Structures are given as C-alpha cells and as structure tokens.
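Just below is one structure, and these are the notes that go with it.
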Amino acid sequence: MSTLENTISMLEVLPETDLIKIQDYAKSLFKQRGAEYPFPLLGEEDIIKIAETSERQIANGECKNAKDFLSDLRQEYGI
C-alpha cells in the first residue's frame with residue numbers, strides 16, 4: 001500500500017476534530033517552508049460563486065456521476 005493509500009485509509013476513520021487538527025498541522029508545515037497554503041479558506045462570496053457555477057454545470061449536463069468519477073479515479077491510480 002502506498003503512502004497516499006495509507007494516509008487516506010487513516011483519514012477515513014478519524015473523527016472531524018482530529019481531521020481539523022491534521023489540517024492545521026499541514027498548514028503550519030507550509031508556513032514553515034515559506035510556501036503558500038494551496039487550499040485557502042474560502043469566504044462567503046467565493047462559496048456562493050462556486051455553488052452557482054456548480055448549479056450551472058449540473059443544469060447544462062456538464063457533470064459526472066460521483067460513483068463513476070471515483071471508479072475512474074481508482075482505476076487510473078490503481079487504488
């Protein structure tokens with residue numbers, strides 16, 4: 001099992017409070033290295049824009065069934 005697979009399997013069973021601690025720790029690692037955190041916290045306006053874009057894409061049929069997407073992703077990465 002790869003490091004990524006091990007990490008994902010551990011994350012899947014942890015409670016939300018622990019996941020928040022892990023996220024905070026990951027942010028601190030980025031700061032220590034002087035790198036910008038790649039997942040910035042979104043403001044209300046950003047969330048609304050993302051939701052509007054998602055709704056438009058769904059209405060236009062520009063989406064894929066989540067089960068199909070995950071199946072394709074697992075196949076692509078051998079998970």
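The values are calculated or read from the model by the stated rules, or taken from the named source; none is laboratory data. For clarity, every value in this text was computed on a predicted model and none was experimentally measured. Here the Cβ positions follow ideal geometry from the backbone for every residue, glycine too, while neighbour counts run over all protein chains shown. Calculation scope for accessible area: heavy atoms of the full protein, side chains included, ligands and nucleic acids excluded. Shrake-Rupley method; radii C 1.70, N 1.55, O 1.52, S 1.80 Å.
Name the residue farthest towards the positive end of the dipole of the stretch 14-79 from the options I48, G78, T17, assuming +1 on Cβ of Lys and Arg, -1 on Cβ of Asp and Glu, about the Cα centre.
G78
Post the alpha-carbon centroid distance, the stretch 1-20 to the stretch 24-79, in whole angstrom.
Measuring centre to centre over Cα atoms gives 17 Å.
If we restrict to alpha carbons, what Rg and Dmax does the chain come to, in Å?
Both quantities, over Cα of the chain: 16.6, 43 Å.
Can you give me the accessible area per residue for the chain, using a 1.4 Å probe, in Å²?
Numbers: 7160 Å² over 79 residues.
So the chain comes to 91 Å² accessible per residue, rounded to a whole number.
In the chain, what percent of the accessible surface is made up of carbon and sulfur (1.4 Å probe, ligands and nucleic acids excluded)?
For the chain, the apolar C and S fraction of the accessible surface comes to 58 percent.
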